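Engineer: What follows is a single structure, and I will ask about it in a moment.
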Ligand SMILES: [Zn+2]
């Protein structure tokens, strides 16, 4: 699943190709993704210029003077910038053609992604307005998350993956951050101390920052002929390593399920 660092890397990669460029046309090859792609885009986008592309949470938001496109990559989606001479493949469900000869293409084999359109103030859109703070901003602090956790009867891992609390901490990053902060993923979020939240917040920021920087080093490949952005693989300490020795204490790593997602932890190092 594309996580916040991948989405941010995509946003950075796309930005120079679409900003201040006029939209020539829109192609919808398969409108049935998570929600139907609005056919009205074919008339709402052409002749308008993209003025910005922000990214609250995991939603890239290309904006024109007429409204804002809301994109989500779902389980398997990816955005590509390709020359308009490159023909589309089967999972290339949606594309925008720009006057500079480039296409912005959404490839989404599993079709859990989304392309929506709004003319309203994007901050008030139902998908955006209740999002928690961005993890890499000064709004995301130990005091904030400690305060928010006081009345929550949920496990800490579930808590930090809730996008209303903080955006962009996906399953892999939650596993890794809790391991590095020595916090057991099943611990009740309301029972985690301020000192532990301090470690956790620093760890989340470090992990995401590193991932974005690594992604940044692949950016020059973003508009390769095949349109593959060349995603990066971060070194993982705990995720996917059930039964293998903990990098810290050599005890075997354990695996459980929480909220239908895999959790990996070391019962010796995390409590
Ligand atoms: Zn350990």
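Engineer: In the stretch 101-140, how many are over 30 Å from residue 85 (Cα atoms) and surrounded by fewer than 15 Cβ atoms within 10 Å (Cβ to Cβ)?
Structural biologist: Adding up the residues that qualify gives 11.
Engineer: Also, quick follow-up: Could you tell me how many of the residues in the stretch 1-57 are in a helix (DSSP H, G or I) and closer than 17 Å to residue 118 by Cβ?
Structural biologist: At the first step, the residues of the stretch 1-57 found to be in a helix (DSSP H, G or I) are 4-18, 41-44.
Subsequent filtering for residues that are closer than 17 Å to residue 118 by Cβ retains 41-44.
Residues that pass the stated criteria total 4.
Engineer: Kindly provide the set of residues from the stretch 150-199 that are assigned to a loop (DSSP other than H, G, I, E, B) and within 20 Å of residue 72 (Cβ to Cβ), ordered by number. Show your work before the answer.
Structural biologist: The first filter runs over the stretch 150-199 and keeps only residues assigned to a loop (DSSP other than H, G, I, E, B), leaving 150-154, 161-170, 181-187, 192-193.
Residues satisfying the conditions are 161, 162, 163, 164, 165, 166, 167, 168, 169, 170.
Engineer: How about the stretch 243-266: which of its residues are over 25 Å from the mean Cα position of the chain (by Cα), surrounded by 13 or more Cβ atoms within 10 Å (Cβ to Cβ) and more than 8 Å from the ligand (Cβ to nearest atom)?
Structural biologist: Step one: filter the stretch 243-266 for residues over 25 Å from the mean Cα position of the chain (by Cα), giving 243-254, 266.
With the extra rule that they be surrounded by 13 or more Cβ atoms within 10 Å (Cβ to Cβ), the set shrinks to 246-248, 252-254, 266.
Listed by number, the residues that qualify are 252, 254.
Values in this text are rule-based calculations from the coordinates and carry no lab data. Just so we're clear, the structure is a prediction, and the values are computed from it rather than from any experiment. So basically every Cβ, Gly included, is an ideal-geometry build from the backbone, and we count neighbours across all protein chains shown.
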